[in-house]
1. As a quick test, which of the pairs A:Lys129/A:Lys155; A:Lys98/A:Lys129; A:Lys348/B:Lys10; A:Lys8/A:Lys95 have an alpha carbon distance above 22 angstrom in this structure?
2. List the residues whose amide H sits under 5 Å from the amide H of A:Leu370, counting only those 5 or more places along or on another chain, with H placed 1.01 Å from N in the peptide plane.
3. Express in nm, to one decimal, how much length is gained between A:Phe369 and A:Ser258 on full extension, taking 0.36 nm for each residue of separation and deducting their alpha carbon distance.
4. Between B:Ile82 and A:Arg102, how many nm apart are label points set 7 Å from Cα along the C-beta direction?
5. Testing the spin-label approximation: label points 7 Å from Cα along Cα→Cβ at A:Lys243 and A:Glu153. State their distance in nm.
6. In percent, how large is the relative contact order of the range B:3-71, given Cα pairs closer than 8 Å and 6 or more residues apart?
7. Take peptide A:229-236, look around each residue's Cβ out to 10 angstrom, count Cβ atoms belonging to other protein chains, and average those counts.
8. Taking only C-alpha pairs under 8 Å that are 6+ residues apart, what is the relative contact order of chain B in percent?
Amino acid sequence: MTTNINPKEFIKAQNDAKEAIIDAHFKGSIEYMDNIPYYNSTNNKDLTKAIEKLIDFNVFDYDEYSYSLLLSDDYNAHLQTYTDVNIKDIEDKQKIIKKLIRDINIKKKDNNDYSSEIKRINSSFRNIKKIIYRAIESLNEKEMKFKAEVNFEVKKANLYDCKADLTALSEAVTNTDKFLIEYKSYFVDELSNESISFHINLLAHHIHDVRENISKTLNELSKYLMHIEKEAKKIEKLNHLYKLKVNGELFEKSNIESVLIRLKSIAEPINVKPQYMNDLELIDAIVNLAKEKKVSVNQEIKKEEIRPESIKLDQNKVPQQKMILGTKKVYSSFIKQDRDLATFLKQKDLDKKQFLSIFIRLTLQYNKFLKIDKAITIEHKGIELPFITKRG
Amino acid sequence: MNLLQLEDYKEIFQVIEDCRVNGRFINENSTDYKIKDAYNFISQYKQEVKTYFSIIGYSLVSQKGYFYFIIEGYETIPKAYINAYIDYIDIYRFLKLLNTNISSSDGGPYSASDIESRLNGDIELKTMVDKMNFLKKRSTNREAIDSIILRLKNDGFAQSMGNKEEEFLILRSFKFIEDMIEEIEYEL
């Protein structure tokens, strides 16, 4: 896993910080205690941004225990064109700490001062925390990138890359946790060093915070990976179907025909347009089709027939009865007489559904030529109907 | 629904009737507010609308995010329509490789210019489009893209974003194509 640091940005940050420090010095806003400059963020607001930038670039290392800014151990690495955020560095830092423990033990035996080793151990703990933080940041950036990526192959490759990094980070975090548990008693009880205890606690808290997030992200990523694999199968299937199509083997080697028949509903809406230009033709066509295919009434009508208030239909007569539903025909005879629509339709031998159907359809289709009076209602087979008459 | 309220629903009913006669889908994510109203109306009065159209031999089919009508009694589909749906193997394959996010559940909007830039820089996609013989004659990548979008629109699977001809939405009804491909099985 690598994060590129733009060298121009890095140099700019260094120069800005240098200028800000000189500026602050001449302004007198930097206090000196025992001849050591004391940086106070409230008095040095201009300086804060520049220094934070350098902490980001790992030039400075801020020790939260002693509130001091130190030159980072990794500063030299940052002088290179770019720096790797390498999860394996966590393991290296642990190795360094183990070596320093050995050095401390030797120095302790000889009653020598080991404060420099303590400082380096603290710095390593801070660096582990920083690497974990950066790795998460880098993964977030990658995650955003692969989600937005439209090219399927690139997306898939990035996703696997991201998952591998996340898995590595998850393992590194777990190992660090184990490492802390293993050496906690040495640092806290045996060495009794407050600054190390402080750094161990800080790192342990950080691990506790990120662990849940890492496992959650890993879980989400695995789900997303499953989705992508599903998409990959879809594409593979489409590629294969395409090949069959080009080779003229689609019907022979696939069940596409039966699928299209099962999904005939897909084709039918498009079928309607050229075949039926208006309702009258449509009804006639359906009736003819029904006659030809001996199609019985559909389920909806059958259900209606068993209702007590309906007039029971003779199934064989259905096609003939449907003939009367031609809106145009009914309208032509309606305008030749003076009764209202409901009364007029009552004269026809219609069941409840047919009656309602023709009533609604005629009203909708010819509403421009009809007058509706909601104040008067006509009752038919338990339904209240508006009083509709022809205009003029 | 009370028949006395028919006057209030007249316009919506006419929209539904128009969709039925012209074989259009009634999509939840349509940019046409009339279609959206019709979708909401059917969602509310599904049984009434179903019963009403069943009398004239139509079945209202309800799917997640869209409705459509089918005629009962058909046994076979004319070959022209089979071919029309087979074209979607090419179109769906192209869309999937163009952008895996394009689907009935994530409707977009998508930009014709973005697709064009992809096409300009991707030989595989360009070859795919070149082989789509069912599209009308086209000489530029943009014409090819417009032609695919037009086909999707005409078949009721896509729609323009209001006045923005450049942008289009994939409608929920595109699930039809997704389901069709999903159902196909083949010999290896």
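1. Going by Cα-Cα distance, A:Lys129/A:Lys155; A:Lys348/B:Lys10; A:Lys8/A:Lys95 fall outside the 22 Å limit.
2. A:Arg391
3. Residue separation times 0.36 nm, minus the Cα-Cα distance, leaves 35.2 nm.
4. Going by the 7 Å Cα→Cβ label model, 7.8 nm.
5. Placing both labels 7 Å along Cα→Cβ, they lie 1.6 nm apart.
6. Over the range B:3-71, the number comes to 29 percent.
7. The per-residue average across the peptide is 2.
8. 21
No value in this document is a laboratory result; all are computed from the given coordinates. Because the structure is predicted, anything quoted here is derived from the model rather than measured. Every residue, glycine as well, gets a Cβ built from its backbone with ideal geometry; the counts of neighbours run over all protein chains shown.
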